[in-house]
1. Restricting attention to the stretch 166-199, and to residues there that are surrounded by fewer than 24 Cβ atoms within 10 Å (Cβ to Cβ) and among the β-branched types (Val, Ile, Thr), which single residue is nearest to the chain's Cα centre (by Cα)?
2. Just for the stretch 249-259: of the residues that are of a type in the set (D, E, K, R) and modelled with pLDDT of 95 or more, which one is farthest from ALA188 (Cα to Cα)?
3. Could you check the stretch 246-282 and list, in sequence order, the residues that are part of a strand (DSSP E or B), of a type in the set (D, E, K, R) and within 21 Å of the chain's Cα centre (by Cα)?
4. Test LEU95 against the stated conditions and say whether it is open to solvent by less than 10 Å² (accessible area, probe 1.4 Å) and either more than 14 Å from the chain's Cα centre (by Cα) or at pLDDT below 95 (or both).
5. Within the stretch 58-78, does at least one residue satisfy the condition of being open to solvent by 10 Å² or more (accessible area, probe 1.4 Å), without any contact (Cβ under 8 Å) to a residue 24 or more places away in the chain, more than 28 Å from ASP159 (Cα to Cα) and not hydroxyl-bearing (Ser, Thr, Tyr)?
6. Can you pull out every residue in the stretch 147-165 that is touching a residue at least 24 places away in the same chain (Cβ under 8 Å), over 17 Å from the mean Cα position of the chain (by Cα) and part of a loop (DSSP other than H, G, I, E, B)?
7. List the pairs whose first member sits in the stretch 112-127 and is without any contact (Cβ under 8 Å) to a residue 60 or more places away in the chain, whose second member is part of a loop (DSSP other than H, G, I, E, B) and surrounded by fewer than 22 Cβ atoms within 10 Å (Cβ to Cβ), and whose Cβ atoms are under 8 Å apart, counting only residues at least 6 apart or on separate chains?
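The values are calculated or read from the model by the stated rules, or taken from the named source; none is laboratory data. Fair warning: this is a prediction, and the values are worked out from it, not measured in the lab. Cβ placement follows ideal geometry from the backbone for every residue including glycine, while neighbour counts extend to all protein chains displayed. Accessible surface is based on the protein model in full, side chains and every heavy atom, while ligands, DNA and RNA are left aside. Shrake-Rupley method; radii C 1.70, N 1.55, O 1.52, S 1.80 Å.
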Amino acid sequence: MLNVAIIGLGWWGRTIAGLLEGNAKLRVVRVADVDTTAGAAFAASKGLTFSPSLDHVLADTQVQGVVLCTPHTQHGEQIVAVAQAGRHVFCEKPLCLSRAEVLRAIEAVNQHRVALAVGHERRFEPPIVEALRLVGSGELGVPMQVEGNFSQNKFLALDASNWRLSPKEAPAGPMTATGIHMLDLSIAVFGEAERVLASVKQLGSSLSNGDTLAALVSFKHGGHALLSAILATPFDGRFAVYCSQGWVEVRDKAHPEAPEGWTLTVSRARVDGGRASRTDYPAASGVRANLEAFADAALRRASYPVPQAEMVANISALEAIFKSARSGAIEAVEG
């Protein structure tokens with residue numbers, strides 16, 4: 001059992017707290033938030049100990065790991081602080097906002113020999129696991145192109161002052177909210193990105209930071225990803241990989257916050273002439289599975305499934321997307 005503290009009690013921090021109630025691998029022993037009134041009330045409602053700051057949490061010796069659900073710009077410094085205190089770190093996405101930050105964060109966790117995990121729960125959804133297995137096995141031939149979409153309208157209910165909508169915390173509009181998940185899955189297929197072209201527009205809402213993103217990502221070892229993320233339309237989620245001998249697609253039936261299952265479609269050129277076969281998957285929590293994988297890594301039961309090199313590749317490409325959205329030009333990915 002891994003004793004953890006949740007830092008940040010907004011929408012997602014509270015969601016994670018609920019998911020971990022009664023979990024066999026992780027126990028929430030403390031929560032923290034800068035809003036001491038609302039945070040303390042939430043803690044009391046759950047029978048948890050409340051802290052007003054990360055430093056206060058790290059002074060508690062029973063806390064073995066920290067789950068960061070804080071604004072994006074704080075992640076880099078907080079990961080370093082948690083690692084230096086000898087605690088394991090689970091950080092919500094994006095891990096950082098720049099390549100320099102993520103390199104420093106990973107150096108700290110490795111120096112202090114603590115586990116690092118990131119909130120890319122899409123990798124832990126059963127049909128995504130199967131899709132990546134099919135592609136990685138070579139059964140579908142050479143992967144050539146990814147198409148990914150993760151759109152939702154949950155942010156329309158947020159107050160305009162919410163940090164999730166600010167240019168500082170969320171450059172390139174929908175990218176840090178949902179697009180980064182599709183970028184992460186693309187990197188799982190192709191590895192490091194080489195260059196990007198991205199465009200963000202405000203088309204269907206009052207979200208001044210932009211509600212519609214399109215990005216083309218090219219990879220060092222070949223392949224492209226066409227990524228879409230929209231914050232002003234009802235939920236839709238799709239991840240597809242096209243290969244030289246077939247293709248695979250995963251479609252969500254509902255938002256990952258409350259999953260209702262998925263449809264996995266596979267086409268194999270050498271089977272039935274490429275006729276597609278479909279399999280329905282029941283609902284499962286990728287968020288919970290990711291957190292449990294973090295606990296297993298922290299307790300040395302298993303390696304964390306997302307390699308650090310891919311964490312770095314993701315943030316390196318993300319930073320280039322930020323630059324391209326500002327410049328309107330093709331931007332090289334550092335690294």
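1. THR176
2. Result: LYS253.
3. Correct list: GLU249, ARG251, ASP252.
4. no
5. Within the stretch 58-78, one or more residues are open to solvent by 10 Å² or more (accessible area, probe 1.4 Å), without any contact (Cβ under 8 Å) to a residue 24 or more places away in the chain, more than 28 Å from ASP159 (Cα to Cα) and not hydroxyl-bearing (Ser, Thr, Tyr).
6. The answer is ASN153, ALA160.
7. Once the first residue is without any contact (Cβ under 8 Å) to a residue 60 or more places away in the chain and sits in the stretch 112-127, its partners that are part of a loop (DSSP other than H, G, I, E, B) and surrounded by fewer than 22 Cβ atoms within 10 Å (Cβ to Cβ) give HIS112/GLY86.
Quick grid of which residues meet (1) in contact with a Leu (Cβ under 6 Å, 6 or more places away or on another chain); (2) of a type in the set (S, T, N, Q); (3) modelled with pLDDT under 95:
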{"position": "ASN3", "(1), (2), (3)": "no, yes, no"}
{"position": "ILE6", "(1), (2), (3)": "no, no, no"}
{"position": "TRP12", "(1), (2), (3)": "no, no, yes"}
{"position": "GLY18", "(1), (2), (3)": "no, no, yes"}
{"position": "VAL28", "(1), (2), (3)": "yes, no, no"}
{"position": "VAL31", "(1), (2), (3)": "yes, no, no"}
{"position": "ASP35", "(1), (2), (3)": "no, no, yes"}
{"position": "LYS46", "(1), (2), (3)": "no, no, yes"}
